[in-house]
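Novice: Can you keep this structure in mind? I'll have questions shortly.
The values are calculated or read from the model by the stated rules, or taken from the named source; none is laboratory data. What you see is a predicted model, and the numbers here were worked out from it, not measured in a lab. Note: ideal-geometry Cβ built from the backbone for every residue, glycine included; neighbour counts use all protein chains shown. The accessibility values were calculated without ligands, DNA or RNA, using every heavy atom of the protein model including side chains. Shrake-Rupley method; radii C 1.70, N 1.55, O 1.52, S 1.80 Å.
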Amino acid sequence: MSTPKHPDGEPWHYDRDYAGFVPLPGHRYEIRPMPATARGYDLIYLADTYGVYRDDFERLNVAGTHSPRIYGGVLPAEIVAIRQGVDDGATLIGEFNTFASPTERPEREALEDLFGVTWSGWIGRRFEDLTPDVEVPVWAVRDYARQYGQPWPFQGPGFLFVHESGRLLVLREENDVRHDGASLVFEPGRARRYGARERVPYHYWFDIVTPRAGTAVEAAFELAVTDTGRMRLARLGIPSRFPAILRRDGPRAPIYYFAGDFADNRFVPSWTRYRAAAATAKWMPAALQSVTNLFYWRVYVPLLGTILEEIRRRPVNSAPPPM
């Protein structure tokens, strides 16, 4: 499989074609701006637009404390550049947090139009342990006490939902959620299209969006909620099944939205650099992999590989392939 090309015809290079925050030795960094126009690119991928904050950069911010922003959010000029690239034939991919803070509302609405979705304002995540000072951000524990008038009472596995207004909801395993947690499930026939597994556990951040007319849902997140959990979600207008992978036809190439933090995988062993590593990892027994690794190799890698192959095969100035 060949790599999508840079506008000058050369292969893509991380040190030249990546725009955004770049950490450097000695607690230094640089910001590489997006080109004034994205015309001529085969692929535009938006990820982690939440950005980078001082505590995240200067230390391992396990507690998730809020600190001054160094970089983040999609800017008006970047919207213009992205639109130009899409109009010129680029495949556009976006993933979790594209619509949320610190991107301002006008830019969010422009991005929603591009991806053909509407964000509900809700994001969520499954945590293996809801005990304070383990995984859950300190701001969630603090804000819960303010909203509910009592200390954070949760331990063990469960889900945290956060609305852009600041409202919180916590679902606990056993009471509200079964042990299955959350899974990504492809619509009938779509897993084969992408060479992915039909159902894979997913235990990281997601956002809840609804498709607009013309946008197809390729896969959905399913929360294994109990009747109690389903009722608690329904009170806040949160569904227990919602889109995970969406696709629509752009002017000349497909546009995809991944409603989860798909690209995040902190453990990529050195052996995965070798030929056939992806196929090996995809079929490795689940007991030998973490949930994050399972998702990465069984869904994300084949999904992205299919999209790259789709780009490679697309004739110049052609319409997008059928959905």
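Novice: Which percent of Cα-Cα pairs in segment 87-139 sits in each 10 Å bin, short to long?
Specialist: Distribution as computed: 19, 38, 25, 15, 3 percent.
Novice: Counting each pair of different Cα atoms once, what's the Kirkwood radius of segment 66-194 in Å, rounded to one decimal?
Specialist: With all distinct Cα pairs of segment 66-194 included, I get 17.6 Å.
Novice: Order the peptides 33-40, 293-300, 110-117 from the highest to the lowest mean number of other Cβ atoms within 10 Å of their residues.
Specialist: Answer by packing, highest mean first, reads 293-300, 110-117, 33-40.
Novice: Continuing with the same structure: Please identify which residues in segment 121-142 have an amide N closer than 18 Å to a label point set 7 Å out from the Cα of H27, following the Cα→Cβ vector.
Specialist: Within reach of a label on H27: no residues.
Novice: Hey, what's segment 57-182 come to in accessible area per residue, 1.4 Å probe, Å²? Don't jump to the answer; show the numbers that get you there.
Specialist: Numbers: 5640 Å² over 126 residues.
Normalised by residue count, the accessible surface of segment 57-182 is 45 Å².
Novice: Could you give the alpha-carbon Rg of segment 215-262 over 2.2 N^0.38 Å, rounded to two decimals?
Specialist: Dividing the Cα Rg of segment 215-262 by 2.2 N^0.38 Å gives 1.46.
Novice: Dividing the Cα convex hull volume of segment 129-246 by residue count, how many Å³ per residue is that?
Specialist: 120 Å³
Novice: Which one of G121, Q84, Y148 has its Cα pushed farthest toward the positive end of the charge dipole of segment 55-179, where Lys and Arg give +1 and Asp and Glu give -1 at the Cβ?
Specialist: My answer, from the dipole projection, is Y148.
Novice: Between R178 and H13, how high is the FRET efficiency from 1/(1 + (r/R0)^6) when r is the Cβ-Cβ distance and R₀ = 35 Å? Nearest 0.05.
Specialist: Working: r = 46 Å, r/R0 = 1.30.
Approximately 0.15, to the nearest 0.05.
Novice: Rounded, prolate or oblate, given the Cα gyration tensor of segment 176-244, with a/c below 1.5 counting as rounded?
Specialist: oblate
Novice: Summing +1 for each Lys or Arg and -1 for each Asp or Glu, what net charge is found among the other residues whose Cβ lies under 12 Å from the Cβ of R192?
Specialist: Net charge in that neighbourhood comes out at 0.
Novice: Roughly how big is segment 67-114's charge dipole about its Cα centre, with Cβ charges of +1 (Lys, Arg) and -1 (Asp, Glu), in debye to the nearest 20? Before the final figure, lay out the partial values.
Specialist: Numbers: 4 positive and 9 negative charges, 46 e Å.
Its charge dipole is roughly 220 debye.
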